[in-house]
Amino acid sequence: MPRPHEPRELICTRRLEAQAARQGWRLVAGCDEAGRGALLGPLYAAAVILDPVRPIPGLDDSKKLSPQERASLAAEIHKYAIAFQVVALEAAEVDALNVYEASRQAMIRALCALRPAPDYVLTDAMPLHRPSDAQEFSIPYRPVIHGDALSISIAAASILAKVARDARLQELHLVYPEYQLKKNKGYGTREHLEALARHGPCPEHRQTFEPVKDYLLPLFPFSGRA
């Protein structure tokens with residue numbers, strides 16, 4: 001049995017966008033999120049409709065790119081895309097919804113804010129509606145596993161979400177320097193976990209995430225930020 005492809009082996013192209021165009025879809029959007037696994041800070045999502053006659057070389061999964069490459073490509077997307085939107089859900093809303101639902105809602109909000117509206121959507125493996133939804137997401141869409149490494153539209157969305165979130169975490173680093181957010185962007189690195197143990201959670205931490213919620217228990221000896 002062939003082994004599943006690793007993201008680093010995948011090539012980002014406009015093949016999926018071309019397939020959608022051949023089926024008659026004119027405005028194809030890609031959407032993705034950033035910050036889903038972080039312990040601190042907002043979750044960001046972006047949606048992008050690229051212009052097929054104004055290609056942007058170098059688009060790829062944001063995780064494969066350097067910060068300088070992401071910033072340069074974000075500027076190109078802002079300049080040449082037909083439409084783009086970036087939205088953020090604060091930590092409290094991520095806690096209230098759960099992180100999976102927060103990711104889904106953030107993508108939907110970004111897509112619904114696009115002007116012009118897309119007529120077809122490619123998502124990074126995220127179903128955009130649930131059977132229990134009162135009103136099903138009405139735009140046709142396709143969830144794509146490793147979509148940010150395969151589709152230039154999803155990759156563009158991943159870049160915008162990542163750049164916007166990283167900029168926000170740079171701002172939060174100035175407020176909460178003890179957590180080294182400039183370095184770890186809110187993820188659970190060793191330095192972040194050590195600072196969490198020393199100082200306890202701050203208001204920007206996601207209170208339903210382990211180990212943050214353990215430090216909020218009454219038995220934990222910490223009683224306030226240092």
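The values are calculated or read from the model by the stated rules, or taken from the named source; none is laboratory data. Just so you know, these numbers come straight off a predicted model, no measurement behind them. In this analysis, Cβ positions are derived from the backbone assuming ideal geometry, glycine residues included, and neighbour counts consider all displayed protein chains.
If you take the residues in the range 5-18 that are touching a Lys or Arg at 6+ places or on another chain (Cβ under 9 Å) and surrounded by 12 or more Cβ atoms within 10 Å (Cβ to Cβ), which one is modelled with the lowest pLDDT? Checked the range 5-18; the qualifying residue modelled with the lowest pLDDT is P7.
Evaluate the following for V121: is it modelled with pLDDT of 95 or more, within 18 Å of A20 (Cα to Cα), touching a Pro at 6+ places or on another chain (Cβ under 8 Å) and assigned by TED's automatic domain parsing to the domain that holds I49? It is true that V121 is modelled with pLDDT of 95 or more, within 18 Å of A20 (Cα to Cα), touching a Pro at 6+ places or on another chain (Cβ under 8 Å) and assigned by TED's automatic domain parsing to the domain that holds I49. When the range 90-107 is filtered for residues that are of a type outside the set (S, T, N, Q), within 30 Å of P55 (Cα to Cα) and in contact (Cβ under 8 Å) with a residue 40 or more places away in the chain, the ones remaining, listed by number, are A106, M107.
Checking the structure you have, find out if any residue of the range 111-119 is part of a helix (DSSP H, G or I) and within 18 Å of A157 (Cα to Cα). Yes - at least one qualifying residue is present in the range 111-119.
For the range 186-206, the set of residues classified as surrounded by fewer than 18 Cβ atoms within 10 Å (Cβ to Cβ) and assigned to a helix (DSSP H, G or I) consists of R190, E191, L193, E194, A197, R198, H199, listed by residue number. Elements of the type helices (runs of 4 or more DSSP H) sitting completely within the range 141-185 and holding at least 1 residues that are surrounded by fewer than 18 Cβ atoms within 10 Å (Cβ to Cβ): these cover 152-175, 181-184. For the criterion of being crowded, with 19+ Cβ neighbours inside 10 Å and farther than 22 Å from Y141 by Cα, A96 fails. Scanning the range 94-125 for residues that are in contact with a strand residue (DSSP E or B) (Cβ under 8 Å, 6 or more places away or on another chain) and closer than 11 Å to L43 by Cα gives V94, V99, A102, S103, Q105, A106, M107.
For the range 59-95, the set of residues classified as more than 21 Å from G147 (Cβ to Cβ) and charged (D, E, K, R) consists of K79, E90, E93, D95, listed by residue number.
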